[in-house]
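What follows is a set of notes on a single structure, which appears directly below.
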Protein chains: 4
Amino acid sequence: MSKITKLPTALAIIVGVGHGTGSAGDSSINLARSYAVALLARSKDKLEQISREIQTKGGTADSFPCDVSSEQSIKSTFRAIKTRFDKIPLRVAVFNSSSSFQMKPFLESSRDDLETSLNVSVLGAFSFAQSVLSELLSHQEGGSLIFTGATASIRGSANVGCFAAGKFGLRALSQSLAREFGPKGIHVAHVIIDGVIDTPNVTEWLGPAKTSDTAYVHLHQQDKNCWTQELDLRPCHEKF
Amino acid sequence: MSKITKLPTALAIIVGVGHGTGSAGDSSINLARSYAVALLARSKDKLEQISREIQTKGGTADSFPCDVSSEQSIKSTFRAIKTRFDKIPLRVAVFNSSSSFQMKPFLESSRDDLETSLNVSVLGAFSFAQSVLSELLSHQEGGSLIFTGATASIRGSANVGCFAAGKFGLRALSQSLAREFGPKGIHVAHVIIDGVIDTPNVTEWLGPAKTSDTAYVHLHQQDKNCWTQELDLRPCHEKF
Amino acid sequence: MSKITKLPTALAIIVGVGHGTGSAGDSSINLARSYAVALLARSKDKLEQISREIQTKGGTADSFPCDVSSEQSIKSTFRAIKTRFDKIPLRVAVFNSSSSFQMKPFLESSRDDLETSLNVSVLGAFSFAQSVLSELLSHQEGGSLIFTGATASIRGSANVGCFAAGKFGLRALSQSLAREFGPKGIHVAHVIIDGVIDTPNVTEWLGPAKTSDTAYVHLHQQDKNCWTQELDLRPCHEKF
Amino acid sequence: MSKITKLPTALAIIVGVGHGTGSAGDSSINLARSYAVALLARSKDKLEQISREIQTKGGTADSFPCDVSSEQSIKSTFRAIKTRFDKIPLRVAVFNSSSSFQMKPFLESSRDDLETSLNVSVLGAFSFAQSVLSELLSHQEGGSLIFTGATASIRGSANVGCFAAGKFGLRALSQSLAREFGPKGIHVAHVIIDGVIDTPNVTEWLGPAKTSDTAYVHLHQQDKNCWTQELDLRPCHEKF
């Protein structure tokens, strides 16, 4: 990446940096070309690694360790972001969190497995969206709220019920919010990253930096007369 | 309904009797033509009303008050059913439970609203399905597990996010279970009852006994070479 | 099949008898329990075989060789049916025709391949539906118009573009007609028979008479407060 | 638009310039920033207007009047394009043609109405795709083939059957081609432009140049590890 030179006048928040889709890191860096970025995830180490990378390139980034399944954690994180990026208005928020993908026969699955999936993908997305939307509605310019889904968002497969239930629920939220907040000038979109999720070593397989990084930026930049609500992203060699 | 005369040699379990779709009562009565029926719901009164109606007509039915959102309640209910209908094998189970439908602006919704929806539609369905599937796999004849959905199962609308998240999640479970347990001889199906959910006084509007009662029976009776996974049901005058 | 004893007071028309889904023959026989049946297909031999089978069992059936891709052929066939079954009102019509399924690389496909698919699945369905709907609207009792689809109705696959284009187009017609004629009391439905289409020797594989025969009858018998617009049918062992 | 200064080293072909979606003109101009553009449509006047506009801005464009429903017309047009833009390799092709949208009760529709829709949307797309794909496979760099759909591509509505049948068929082709040619390095995508099609005076309503122009360019520029097969575009105020 070439040096980032513009001083950021707007803020992007990304939760779920470091998740297995391999896209969040690059998305963050890409968003950092135009925005100050607040990076949220459970793992402090991963956050600071990406944060430093952005800073080295001249961008503005800060890390906010956060447990997305906890409403309290999300609320206090948003307060911390507000303090840190005081006058910079939020424009883009990306929800990229996911419970870890695992295949398990249904009768060996526990309610805990299902609750973990719902806590992150549905309840986490809910609380994140409430904080984001309140913020976006507080200024005139509107903004974008983008959720990351997977093949399991549109298709339940054998041994994937718990994971899929969370991802389906997330997509339900996305559609509902798009229909409620679109007319208020807020672009809510859902990106299905296909195939990638099933692959053991995604980053290696995708190769260096060949990811969905530009899709999120493109979605946010769409003119309000041409908004995309749902799109899919998959490698050209992926069978689907 | 004409007198039921056959002695039941198999059992049907229906959870969510009395729910607003107006279908469960009639479904129960219809299933009672061929099966002993165990009726589950939160409200004891509604259960006993339908139960008595079936008994009056010569059928076999019993009431099991149950909180479907509680794993413990479901487990102890299944034990009670086992005791009551000792030698009669389970063949059909219908999950007809639903959190109450309400429209609410997203920013006025609480995590409680969402959790209520998930607890019934996803976690409740999960625990119910585990009990049902264990039972169905314990004998050779197979059987059917049928979930009831709504328009909100396939479309998130403004102000309906919490309800839709639960219904989407339920459909994810249904698809996953169909793909896992179909090859094991268990028919998992998902019935979308459209339009009805938006109507204030469904029973009145639908008129007497004009309901989906036969659809569930038909699904269970389908030959295993011709199983339906998903179907929709709606009134002919419904705009969709 | 046990002897058919009731004298038919209504008529069913089935086009595409003998098609590879293996369902039409049994559907016809099943419909013949309650209806006089007019059997349409290109091949006279197949028609007369099924027709005789029905007659042997005491049912009423007649054969009408017909090229479904020709508007003229459809129109003259409907006139012949009218003459033959003079006072018996049409109640059920099943469109089961299909161009033959073949996989072919796109660049080796010709416009003829595509036109053959469209002529049967879209234009054929169009003309058949016009004749059926005019007839159904001419009496008070309403009736059903049922189309048979395939996996290719909802998913375009590599090397199947021409076939899928026809099947997608048929589904478009089905949805449009359901929305236009449902409020007029005519039940338009679309049945996706999955998996079967990919199998070389369907009839053998499915075994004797284990087919979708009851689904069509069930659709027609649905109460008008509980109509299904789309359903899928597939063998329990089918991976999907 | 600012002056176009780069000399084009690759070619984009757009068929259906001037169609009512309001997008083609702007898409063409946008593509002309990076490509020489061959503009195809039935109406010579509209073509030359856009062509001149591009040339005035320093771009390279030429007009090719073409009847997309005729295989001969498409073939001879591609030969003419080849002659005109001799050494410039094709990289992007956009199929934006559509039969004119009209609502008509089904029983008043003629086979001609349906054939017109199929001839443009399915057979036209078929022949266009064959010419494009042969060309794209002839060089190493791959390229993109993008189809424009509408709400009627995924939903058949009352009185819209003929139009929808064509649009559904087009989407079937798009999915099939994506699955066949993706692994060969050719990006096939389908863009649903929602809502716009139902609006009497689209251009006025959309306002000046606020259109989907960037979506097509973005699709073509996607890295091959992150291809979109289907996306929707709609105005933020559109109810959907």
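Any read-out appearing in this document is the output of simple, stated calculations on the displayed coordinates, not a laboratory observation. Treat the numbers as computed from the prediction; the structure is a model and nothing was measured. Every residue, glycine as well, gets a Cβ built from its backbone with ideal geometry; the counts of neighbours run over all protein chains shown.
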What helices does chain C have that are whole DSSP H segments, at least 15 Å long along their own axis by Cα, and with mean Kyte-Doolittle hydropathy of 0.5 or more? C:125-137
Which of B:Leu123, B:Leu107, B:Leu177 fluctuates most in a GNM of chain B (C-alpha springs under 10 Å)? That residue is B:Leu107
Compute the FRET efficiency between C:Ala10 and D:Thr9 as 1/(1 + (r/R0)^6), taking r as their Cβ-Cβ distance and R0 = 60 Å, and round to the nearest 0.05. 0.30
List the distances, in nm and shortest first, from the label point of D:Gln140 to the matching label points in every other copy, placing each point 7 Å from Cα along the Cα-to-Cβ direction. 5.3, 6.5, 7.7
Who wins for biggest fluctuation among B:Ala158, B:Ala80, B:Ala178 in a Gaussian network model of chain B, springs between alpha carbons below 10 Å? B:Ala158
So which of B:Lys87/B:Lys184; C:Lys44/D:Lys167; A:Lys184/B:Lys167; C:Lys184/D:Lys239; A:Lys224/C:Lys224 end up more than 30 Å apart, counting from Cα to Cα? C:Lys44/D:Lys167; A:Lys224/C:Lys224
Taking neighbour counts of Cβ atoms within 10 Å as a proxy for exposure, in what order, fewest first, do D:His190, B:His187 appear? B:His187, D:His190
Taking each residue in D:71-77, count the Cβ atoms of any other chain within 10 Å of its Cβ, then average. What number comes out? 0
Give me A:Ser138, B:Ser176, D:Ser144, D:Ser70 sorted ascending by neighbouring Cβ count inside 10 Å, so fewest comes first. A:Ser138, D:Ser70, D:Ser144, B:Ser176
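If each DSSP helix of 4+ residues adds -39,500 (n - 2.57) and the sum is divided by the residues in chain B, what number results at 222 nm, nearest 500 deg cm²/dmol? Intermediate values should be presented prior to the final figure.
Details: 8 runs with 91 residues, N = 240.
-11500 deg cm²/dmol, from helical runs alone.
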If the elastic network links every pair of Cα atoms under 10 Å, which of D:Leu39, D:Leu114, D:Leu90 fluctuates the most in the Gaussian network model of chain D? D:Leu114
What number, in percent, do you get for the relative contact order of the stretch A:11-233 if the mean sequence gap of Cα pairs under 8 Å and at least 6 apart is divided by its residue count? 22 percent
Per residue Cα convex hull volume in Å³ - calculated over the stretch C:78-151: 98 Å³
Output row for C:Lys184: copy-to-copy label distances, label 7 Å along Cα→C-beta, ascending, in nanometres, one decimal, is 4.3, 4.5, 4.9
Computed over the Cα atoms, what is the radius of gyration of chain A divided by 2.2 N^0.38 Å, N being its residue count? 0.96
Principal semi-axes in Å for the protein assembly as shown [√(5λ), Cα gyration tensor, largest first]: 46, 39, 22
Nm distances between copies for B:Arg84, ranked from closest, using label points 7 Å along Cα→Cβ: 5.4, 5.6, 7.8
Grab the other residues whose beta carbon is less than 12 angstrom from that of A:Ser100, score K and R as +1, D and E as -1, and report the net. +1
Order these by the 10 Å Cβ neighbour count, fewest first: B:Lys82, A:Lys46, A:Lys87. A:Lys87, B:Lys82, A:Lys46
Which distance in nm do the two modelled labels at C:Ser76 and B:Ser110 give, with both placed 7 Å along the Cα-to-Cβ direction? 7.5 nm
